[in-house]
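The values are calculated or read from the model by the stated rules, or taken from the named source; none is laboratory data. Just so it is clear, the structure is predicted and the values come from calculations on it, not from any experiment. Don't worry about glycine lacking a Cβ; one is built from the backbone with ideal geometry, like all the others, and counts go over all protein chains shown. Only protein heavy atoms, including side chains, enter the accessible area calculation; ligands, DNA and RNA are left aside. Shrake-Rupley method; radii C 1.70, N 1.55, O 1.52, S 1.80 Å.
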Amino acid sequence: MNDNLQKFMIEDAGVRGELVELSDTWQQVLTRHNYPPAVKVILGELYAASILLSANLKFDGTMIMQIYGDGPIKLMVVECDSALRMRATAKLADHAMIADDANLHDLIHAHGEGRFIITLDPNDKQPGQQAYQGIVPLEGDSISTVIENYMLRSEQLDTKIWLAADDKVARGMLLQKLPSIGGTAKKTSNDVENWNRAVVLGSTLKQEELLSTDIQTLMHRLFWEENVRVFDIEHPEFQCNCTREKVGNMLRMLGEDEINTAIAELGKLDINCDFCGKHYGFDKIDCAQLFVAATLTEALVEPGELKH
């Protein structure tokens with residue numbers, strides 16, 4: 001397997017950790033898009049980070065990480081569900097010129113308007129229930145620091161993340177201080193000492209080493225002196241959940257007048273999924289049926305009945 005998630009616990013230290021490596025899964029993203037090298041690095045780091053965060057969530061659903069930017073990168077989206085099925089995409093500004101060594105600030109936060117968003121969308125939402133969404137300014141000069149700041153601000157959890165990506169692999173490591181027993185915020189001197197020691201060990205990891213070394217070797221190098229408990233390895237995979245029905249719903253949301261105008265100009269609407277590249281074509285009859293079906297559905301709903 002070239003795509004692995006290894007969870008572990010540093011016993012008696014109150015620290016949990018994860019190491020992830022994405023190769024085949026990451027290539028599924030890259031083969032569908034011709035991203036510049038600097039975009040591959042940042043999107044790959046966000047891709048690895050999504051696994052590290054979603055693996056700790058105790059819910060059945062999807063975590064969506066988004067970065068909105070005001071530079072050459074306008075949007076990055078990574079989705080990972082509770083079964084570790086992933087997809088990712090990035091939208092660039094028209095005619096964007098991106099240097100190979102461009103950094104996060106240059107690409108996304110050029111004028112200070114960048115935003116980082118995490119959405120938790122459960123599969124079993126109740127009627128009227130909305131997905132949870134946390135939005136914060138883009139604080140930090142790397143994906144790692146952006147997420148660390150988010151976790152401290154939104155979840156009050158001490159978290160350290162190391163990330164690296166290129167055109168072959170995306171890897172990452174997360175260390176997180178477990179909440180004190182009973183959920184109290186009080187920290188003992190041992191708690192602080194154990195956490196600081198784990199962070200110091202993690203901080204010896206260099207980006208070049210993270211890119212070139214498998215996660216089992218990394219764990220041994222970093223924590224060979226610690227009492228570490230490891231769990232069963234999990235295997236993330238690429239999966240896009242786009243469907244013709246979802247694309248049709250998106251078109252319906254644009255409104256019948258706008259769709260009719262577009263059909264009159266183009267003759268046919270050709271839409272490609274931003275995540276997997278799958279093509280969906282809608283001609284004049286297809287588009288008309290979208291709104292006929294919606295009208296019929298509304299007519300069949302009795303007054304006071306919930307519309308799904």
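Worth a mention:
- Residue, nearest to Asp12 (Cα to Cα), within the range 161-177, restricted to residues that are surrounded by fewer than 22 Cβ atoms within 10 Å (Cβ to Cβ) and out of contact with any Ser or Thr (no Cβ under 8 Å at 6 or more places or on another chain): Asp166
- Any hit, the range 65-78, residues being open to solvent by 10 Å² or more (accessible area, probe 1.4 Å) and more than 24 Å from Gly140 (Cα to Cα): no
- Inter-residue pairs, beta-carbon under 7 Å, first more than 16 Å from Met65 (Cα to Cα) and in the range 102-121, second open to solvent by 70 Å² or more (accessible area, probe 1.4 Å) and acidic (Asp, Glu), 6+ apart: Asn103/Asp141; His105/Asp141
- For the residues Val146, Val136, Val169, the requirement of being closer than 26 Å to Arg16 by Cβ and modelled with pLDDT under 90 singles out Val136.
- Filtered residues of the range 216-237 (kept if touching a Leu at 6+ places or on another chain (Cβ under 9 Å) and either outside any helix (DSSP H, G or I) or under 21 Å from Glu79 (Cα atoms) (or both)): Glu225, Glu226, Ile233, Glu234, His235, Pro236, Glu237
- Residue check for Glu148: more than 15 Å from the chain's Cα centre (by Cα) and either closer than 27 Å to Lys177 by Cβ or open to solvent by 70 Å² or more (accessible area, probe 1.4 Å) (or both): no
- If you go through the range 1-26 and keep only what is part of a strand (DSSP E or B) and not charged (D, E, K, R), you end up with Asn4, Leu5, Gln6, Phe8, Met9, Ile10, Val15, Gly17, Leu19, Val20, Leu22.
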